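Just below is one structure, and these are the notes that go with it.
The values are calculated or read from the model by the stated rules, or taken from the named source; none is laboratory data. Given the structure is predicted, the values throughout are model-derived calculations rather than measurements. No Cβ is skipped: glycine too gets one built from the backbone with ideal geometry, and neighbour counts run over all protein chains shown.
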């Protein structure tokens, strides 16, 4: 079985989830991971939501929570020099990498911003990070301007929305979607055939009518 990892480097939880997923893959070397770079802002727009950083009190909580979670998992964290930032260059550069190189490209981009504190909208910073990871940084950053690569990010994001992805990080495990870095245990249970969900029972729960609706 493989895992589709839906990611946008704008999310600090993607940074944490990626390290945890790599640890899972190290324990299960037969597991294939497919990196799926998608635009988180498009998911928010589709669902009519604000991002965590767009709600002042949630922004404060989120960054405190990220620092606590990074400490819990032994991850260094500084955070990008600006946040929110425009992640399109980073997303497109990762997308431009060959499928086999995308994990390395994603690792480099996430470390650039979340580990080392650089600007993830800065072409020079991204170029250097990709080059330091043994990839052709200048070529990948140049390719980010290619209309084909730009459209690939749009298409990947649309495919994710069509699949039901509403946030990042999301793990696609078979037919299941698991959202959140703190749900890696659920990913393992699904892989092992130990998911707690009873399909018939869940279908009945989801078929229940709404008792109230909130005006928008």
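The number of residues in segment 23-63 that are part of a helix (DSSP H, G or I) and more than 26 Å from residue 162 (Cα to Cα) comes to 13. Considered as a group, the residues in segment 167-196 that are in contact (Cβ under 8 Å) with a residue 12 or more places away in the chain and assigned to a loop (DSSP other than H, G, I, E, B) include one that is surrounded by the fewest Cβ atoms within 10 Å (Cβ to Cβ), and that residue is 174. Scanning segment 17-55 for residues that are in contact with a strand residue (DSSP E or B) (Cβ under 8 Å, 6 or more places away or on another chain), over 18 Å from residue 114 (Cβ atoms) and in contact (Cβ under 8 Å) with a residue 12 or more places away in the chain gives 31, 32, 33, 34, 36. A residue that is surrounded by 14 or more Cβ atoms within 10 Å (Cβ to Cβ), touching a residue at least 60 places away in the same chain (Cβ under 8 Å) and within 19 Å of residue 133 (Cα to Cα) occurs nowhere in segment 56-72.
Among the residues of segment 123-136, the ones that are buried (at least 19 other Cβ atoms within 10 Å of the Cβ) and without any contact (Cβ under 8 Å) to a residue 24 or more places away in the chain come to 3 in all.
Among the residues of segment 143-166, write down those that are in a loop (DSSP other than H, G, I, E, B) and out of contact with any helix residue (DSSP H, G or I) (no Cβ under 6 Å at 6 or more places or on another chain). Listed by number, the residues that qualify are 145, 146, 164, 165.
Just to be sure before I move on: is residue 23 surrounded by fewer than 18 Cβ atoms within 10 Å (Cβ to Cβ) and modelled with pLDDT of 95 or more in the structure I sent? So residue 23 fits the description; yes.
Does residue 180 satisfy being within 20 Å of residue 33 (Cβ to Cβ), modelled with pLDDT of 95 or more and in contact with a helix residue (DSSP H, G or I) (Cβ under 8 Å, 6 or more places away or on another chain)? Yes, satisfied.
Can you name every residue in segment 197-216 that is in a helix (DSSP H, G or I) and within 21 Å of residue 169 (Cβ to Cβ)? Of everything in segment 197-216, nothing turns out to be in a helix (DSSP H, G or I) and within 21 Å of residue 169 (Cβ to Cβ). For segment 86-106, which residues satisfy the criterion of being in contact with a helix residue (DSSP H, G or I) (Cβ under 8 Å, 6 or more places away or on another chain) and surrounded by fewer than 19 Cβ atoms within 10 Å (Cβ to Cβ)? The answer is 88, and nothing else.
Among the residues here, residue 113 qualifies as over 20 Å from residue 146 (Cα atoms) and under 15 Å from the mean Cα position of the chain (by Cα).
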